[in-house]
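The values are calculated or read from the model by the stated rules, or taken from the named source; none is laboratory data. No experiment lies behind these values; they were computed from the predicted model shown. Positions of Cβ are backbone-derived with ideal geometry, glycine not excepted, and every protein chain shown enters the neighbour counts. Heavy atoms of the whole protein, side chains included, go into the accessibility calculation; ligands, DNA and RNA do not. Shrake-Rupley method; radii C 1.70, N 1.55, O 1.52, S 1.80 Å.
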Amino acid sequence: MKRTHHCNQLRPAQIGQSVTLSGWVHSRRDLGGLIFIDIRDREGRTQTVFDPSDMAPELFQQAGLLRGECVVSVTGKVRARPAGTANPKIATGEIEIAAAALEVLNMADVLPFPVDDPEVARTVNEELRLQYRYLDLRRPEMARNLRLRSKVASATRVYFDERGFLEVETPTLFKSTPEGAREFLVPSRAQPGKFYALPQSPQQFKQILMVAGVEKYFQLARCYRDEDQRADRQLEFTQIDLEMSFIEREDIYELIEGLLRRIWKTALDIDVPAPFKRLTYQEALNRYGIDKPDTRFGLELADLTEDFRASKFKVFSGAIAAGGVVKAINAKGMADATQGQIETMTEYAKSFGAKGLAYIKVEKGEWKSPIVKFFNETEKQALSTKLKIEEGDLLLFAADQWLNACEILGKIRLYCADVLKTRGQLVLPANRFDFLWVVDFPLLTFDKEQNRWYSSHHPFTAPVAEDIPLLTTDPRKVRGQHYDIVVNGIELGGGSIRIHQPAVQKLVFEQVLQIPPDLVQARFGYMLEAFRYGAPPHGGIALGFDRLNAILCGASSIRDVIAFPKTAKGADLMTDSPAGVDPKQLRELYLEQKLPKKE
RNA sequence: GGGGGUGUAGCUCAAUUGGUUAGAGCGCUGCCCUGUCACGGCAGAGGUUACGAGUUCGAGCCUCGCCACUCCCGCCA
């Protein structure tokens, strides 16, 4: 019995037709002398009626045995529902199928959790959902996420095709290049003692493709990073990865703005305005305390360094004398925070390395604070002006080295925004998307513990041309031609213009990053060689495809937009992976196990 | 590696200060019911309180350990 329609197709126009529907028993309502069975498929659901006055007793009896999630085919005539019994909640609610035949394609055991009740299903323990993912994915919400993701992938492919990009697949069996994220290793059977590594990104291959003359490459690339996970980070994830030759940063901005506009239009029917705002790294830190600012709300950081340079309050003036800064935010309307809440915030700040969190509550025209007695009139005036102080405000301070002070207040800013959201004092519309580019990142960051410079982004990022001479003299000041795309405080992607001159690349590896020449040769020699045979200037970007879809779906975790995600410990609860292997398999790979001792 | 949260019936949740036989709704089973759509009514079954120790006259509750899930810090070139 092949189906003639799907379960969201029949309307009054089809009344009188004989049809067959196939799907799952969504719900049954057995009235004794009359049975209603709603059949559901991925498109929707349709009511069928089993009426004993109209059919063989065996058929009616069979219908009575059906249970939730049985798979059935029902054949019958489409008819209008009797007056007053239409169901306006579903699209097929004006009609029903008068069942004439029933084929039970498969029975179903009682489910471990309901999939037909969205209220309950939403709160079901995620552990259970992951164990029975095939049931979880039957839920309309999850089915919608899968479908949206597919549409976004299609729109992406169409967009890049229109722009002349080639979709090229790159290997997932790569080699280990242990700069950066920890890698998954894959032992080679054919070459004892040697290993592949799964790529953290197709970075090197896509640059080689530019040397190969592809000019415009893209891929929905699977990437692997053996690092601890988060709500927005999985061991394996997907990137919209691309690279172009003969371009500058502006070309990437234009391209990605177009892509995101296309995706938002396709997925949400929203017209995103372009060009996007741009912020330098410096400004992002200074104003928002983070390199991926959520600009949907204010609570911006103010700089008070000059106002407190000579202050009697030594915590401030001392930090400044040590080369640091004093920064503050005004948490509007939070003066009623309890001592406990302030304590919580202080502990929170300390967990990010703050020494403390000075505050002033502005209540009943008074400044209540343990520190305000140290301030003179000029200082108070400066605070008033720069922080636009009003009744009911809560001022929070950080005095530390510039980056620390900014980052601490950046975290506190987000924390305050959450509190204000919870209280209903800050409302962010679900359809608001603040896109922006963050640019002019420092090319290098100094690692105090290892006493060396490392790449802020990755070692292939090109310095801003005029900063190249500073590479060996003053690395701190070198700006990278790196850019991040941020939306609503989420880092959606990042990329850069790459180094295409082998001499500069070699200089960065050996002189700046201090990687021994033989290691450079072993790891990147093929790349340096490739660049000698005519490498075009090139650059690219990668966007987190899972994060992108989570944003579009309004999901709080990327697990909700990945069909079969892993838990925080990297387990797949459905298949029970990872799992042990047979000793024979290990022997074939020339591996021995040395497991940690349990105490 | 570190910090926080959660774990009680198939599911979602209760359970006073440590005190009687651990409850409710949904689901499930049986019976009744011809216009329901969260159908309704009656009856019933269903518990190693994640697991393991300990304290106590007595532990779902307190202590220690351990496991799983989750959020965060570190980590994520």
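The set of residues in the range A:217-234 that are in a strand (DSSP E or B), open to solvent by 60 Å² or more (accessible area, probe 1.4 Å) and within 10 Å of RNA strand B (Cβ to nearest atom) comprises A:R230, A:R233.
If only residues of the range A:194-214 that are in contact with a Lys or Arg (Cβ under 7 Å, 6 or more places away or on another chain) and surrounded by fewer than 20 Cβ atoms within 10 Å (Cβ to Cβ) are counted, the one that is farthest from A:G495 (Cα to Cα) is A:Y196. Could you tell me whether A:T266 is part of a helix (DSSP H, G or I), surrounded by 13 or more Cβ atoms within 10 Å (Cβ to Cβ), modelled with pLDDT under 90 and not assigned by TED's automatic domain parsing to the domain that holds A:G493? It is false that A:T266 is part of a helix (DSSP H, G or I), surrounded by 13 or more Cβ atoms within 10 Å (Cβ to Cβ), modelled with pLDDT under 90 and not assigned by TED's automatic domain parsing to the domain that holds A:G493. Taking residues in the range A:573-592 that are more than 17 Å from A:V186 (Cβ to Cβ) and modelled with pLDDT of 95 or more, and partners anywhere that are part of a loop (DSSP other than H, G, I, E, B) and within 16 Å of RNA strand B (Cβ to nearest atom), the pairs with Cβ atoms closer than 7 Å and at least 6 places apart or on different chains are A:L573/A:T567; A:M574/A:F564. Every condition in (1) touching a strand residue (DSSP E or B) at 6+ places or on another chain (Cβ under 8 Å); (2) modelled with pLDDT under 90 is met by A:L279 except one, and the failing one is (2).
Within the range A:551-562, the set of residues being open to solvent by less than 20 Å² (accessible area, probe 1.4 Å) and within 11 Å of RNA strand B (Cβ to nearest atom) comprises A:S557, A:I558.
If you go through the range A:432-453 and keep only what is within 21 Å of A:P516 (Cβ to Cβ), open to solvent by 20 Å² or more (accessible area, probe 1.4 Å) and touching a Phe, Trp or Tyr at 6+ places or on another chain (Cβ under 8 Å), you end up with A:T445, A:F446, A:D447, A:R452, A:W453. Residue count for the range A:570-599 under the criterion of being touching an Asp or Glu at 6+ places or on another chain (Cβ under 9 Å) and part of a loop (DSSP other than H, G, I, E, B): the result is 3.
Inside the range A:73-115, residues that are touching a Ser or Thr at 6+ places or on another chain (Cβ under 7 Å), within 9 Å of RNA strand B (Cβ to nearest atom) and small (G, A, S) make up a count of 0.
Evaluation of A:Q585 against the conditions (1) touching a strand residue (DSSP E or B) at 6+ places or on another chain (Cβ under 7 Å); (2) away from RNA strand B (no atom under 13 Å from the Cβ) shows that the sole unmet condition is (1). Taking the conditions (1) of a type in the set (A, V, I, L, M, F, W, C); (2) over 30 Å from A:W264 (Cα atoms); (3) not in a loop (DSSP other than H, G, I, E, B) in turn, A:V419 satisfies each one other than (2).
Scanning the range A:461-479 for residues that are assigned to a loop (DSSP other than H, G, I, E, B) and of a type outside the set (G, A, S), we see that the one that is most open to solvent (accessible area, probe 1.4 Å) is A:P469.
Considering A:Q200, A:Q207, the condition of being touching a Cys at 6+ places or on another chain (Cβ under 9 Å) and within 22 Å of A:G539 (Cα to Cα) is satisfied by A:Q200 alone. Taking the criterion of being among the polar types (S, T, N, Q), crowded, with 18+ Cβ neighbours inside 10 Å and within 11 Å of RNA strand B (Cβ to nearest atom), would at least one residue in the range A:272-291 satisfy it? Looking for residues that are among the polar types (S, T, N, Q), crowded, with 18+ Cβ neighbours inside 10 Å and within 11 Å of RNA strand B (Cβ to nearest atom), one finds none in the range A:272-291, hence no. Candidates in the range A:120-144 are the residues that are farther than 19 Å from A:G44 by Cβ, open to solvent by 70 Å² or more (accessible area, probe 1.4 Å) and charged (D, E, K, R); of these, the one that is farthest from RNA strand B (Cβ to nearest atom) is A:R122.
Restricting the range A:145-182 to residues that are among the basic types (K, R) and part of a helix (DSSP H, G or I) leaves a set whose member that is least open to solvent (accessible area, probe 1.4 Å) is A:R149. Residues in the range A:324-360 that are surrounded by 19 or more Cβ atoms within 10 Å (Cβ to Cβ) and not in a loop (DSSP other than H, G, I, E, B): A:V325, A:V326, A:K327, A:A328, A:I329, A:N330, A:A331, A:M345, A:A349, A:A358, A:Y359, A:I360. Restricting A:D440, A:D447, A:D434, A:D393 to residues that are at pLDDT 90 or above and either within 30 Å of A:D474 (Cβ to Cβ) or touching a His at 6+ places or on another chain (Cβ under 6 Å) (or both) narrows the list to A:D440. Mind checking which residues of the range A:180-219 are over 23 Å from the mean Cα position of the chain (by Cα) and among the acidic types (D, E)? Across the range A:180-219, the qualifying residue is only A:E215. Checking each residue in the range A:372-395 for being open to solvent by 20 Å² or more (accessible area, probe 1.4 Å), more than 19 Å from A:I412 (Cα to Cα) and aliphatic (A, V, I, L, M) picks out only A:V372.
For every residue, the table says whether it meets (1) acidic (D, E); (2) outside any loop (DSSP other than H, G, I, E, B); (3) more than 11 Å from RNA strand B (Cβ to nearest atom).
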residue	(1), (2), (3)
A:A522	no, yes, yes
A:G525	no, yes, yes
A:G540	no, yes, yes
A:F564	no, no, yes
A:A568	no, no, no
